[in-house]
Amino acid sequence: MVCTATGALLVVGILLSAGLGQLPIGPLEVVGSALRAVGIDNAWAPDARLIEQTLWQIRFPRVVMSLLVGGLLAVAGAVMQAIFGNPLAEPGVVGVSSGAAVGAAAAITLGLTAFGPWSIAAFAFVGGLAATLIVYATSRSHGRTEAITLILTGIAVNAFAGAVLALLMFAGDTASREQIVFWQLGSMNGSRWGEVLLVAVVGLLATALALALAEQYDLLALGDRTAAHLGVRVERLRLLSIVLVALLTGVAVAFVGIIAFVGLVVPHIIRMLLGPANRPLIALSFLGGATVLVYADLLARTLVPSADLPIGILTALIGGPFFYWLIRRNRRGSGGWA
């Protein structure tokens, strides 16, 4: 039921996002164009070349990128919450997204091209991985994650990353500054098929690995010692998952910038609807994250006429109050942090 409803919302969102804009395109024309692209001739497909170009060069890459980025960030959040055993863990909150942004900004400002056209994405992964390892090493103590340490480490990582980004902006030229500002705000504008393909291949493989590890995450929720007795190699699972989170986050933000709170909000809503089992949680988190970001991008494009709002602003406006509510809820449940 939840899967069907979320899937239906996603399909409607895709049709609306592809059809609405300065050049309105009907839902049947959107469906007809997609069917013709896979070899199915139909009467709905548009004849006007301008409509076809608008769909395939601008809107479809943007819609697919929104879908993938939302899904991958939600999966990264679900995996982080599983390995930290803490509902406050999320790539944006604990600084993983900021670390990825620093890696990408360094590649932009310093002109690092060691990995060819994928250098920015590769350095985003390295930055995200470094941030995740710092958070993990700092917040783990005596076999558990300390919530306060996790949040404080995230604040420190985000503050440090912000300072490094400012330094890189100061040192870079005008073009570099514009790219870094774009990174800090987040936007789907200008998505291209080559970038979408890279995000799809890397992100979907990482998601498949997360689904394969889901059963071990369920055992990990019983406690490290119990999981180890049941055959789980706990530290190896955590380190592999950290690399997985960095990969998911790095590839998700590599071309669109920082988009916070999707990895926090979506897994929580799915967990409230389905329960804590990690396999359906991860699968539905992908679907839910994709749905949220497709609608967020639609609002970013259409709320202000002839303007494209940074999508990171919209997700922060929703995610910030949700994070506040979550902290108060956890505080009441635990009787206080002290």
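The values are calculated or read from the model by the stated rules, or taken from the named source; none is laboratory data. Just so it is clear, the model here is predicted, and its values are computed rather than measured. For neighbour counting, all protein chains shown are included, and Cβ atoms are generated from backbone atoms with ideal geometry for every residue, glycine included. Keep in mind that these areas ignore ligands, DNA and RNA; they rest on the heavy atoms of the full protein, side chains included. Shrake-Rupley method; radii C 1.70, N 1.55, O 1.52, S 1.80 Å.
What the phi angles of the stretch 283-299 give under the Karplus curve with 6.51, -1.76 and 1.60, with θ = phi - 60°, is a coupling list of 4, 6, 5, 4, 5, x, x, 4, 5, 4, 6, 5, 5, 4, 5, 4, 5 Hz, glycine and proline written as x. Scaling against 2.2 N^0.38 Å puts the C-alpha radius of gyration of the stretch 1-80 at 1.25.
Accessible surface of the chain, 1.4 Å probe: 69 percent of it comes from carbon and sulfur atoms. Binning the C-alpha pair distances of the stretch 181-338 at 5 Å intervals from 0 yields a P(r) profile of 2, 8, 13, 18, 18, 17, 12, 7, 4, 2, 0, 0 %, listed from the shortest bin outward.
Of the residues Pro46, Ala246, Leu9, the one whose Cα sits farthest towards the positive end of the charge dipole of the chain is Ala246 (charges of +1 on Lys and Arg Cβ, -1 on Asp and Glu Cβ, taken about the Cα centre).
Magnitude of the charge dipole for the chain, about its Cα centre and with charges confined to Cβ atoms of Lys, Arg (+1) and Asp, Glu (-1), is about 820 debye. With the Kirkwood sum run over all distinct C-alpha pairs, the stretch 124-267 has a hydrodynamic radius of 17.2 Å. Global size of the stretch 68-199: 15.4, 48 Å for Rg and Dmax (C-alpha atoms, Rg to one decimal, Dmax whole).
Computed from backbone phi with θ = phi - 60° and the Karplus coefficients 6.51, -1.76 and 1.60, the 3J(HN,Hα) list for the stretch 98-106 is 5, x, 5, 5, 5, x, 5, 5, 4 Hz; x is used for glycine and proline.
Across the stretch 97-173, counting alpha-carbon atoms alone, Rg and Dmax equal 14.2, 47 Å. Based on protein heavy atoms only, the chain ends up with 46 Å² per residue of surface accessible to a 1.4 Å probe. Rg/Rh, computed from the Cα trace of the chain with Rh as the Kirkwood radius, has the value 0.99. If I build a Gaussian network model for the chain, linking alpha-carbon pairs within less than 10 angstrom, which residue out of Ala260, Ala105, Ala37 has the largest mean-square fluctuation? Result: Ala37 has the largest fluctuation of those listed. Within the stretch 176-254, the proportion of C-alpha pairs whose separation exceeds 22 Å stands at 43%. If you sort Glu52, Glu90, Glu235 by accessible surface, 1.4 Å probe, largest first, the order is Glu235, Glu52, Glu90. Over the chain, Cα pairs under 8 Å with separation of 6+ residues give a relative contact order of 29 percent.
Taking Ser139, Ser176, Ser306 as the candidate residues, the one with maximal mean-square fluctuation in a Gaussian network model of the chain, Cα springs under 10 Å, is Ser306.
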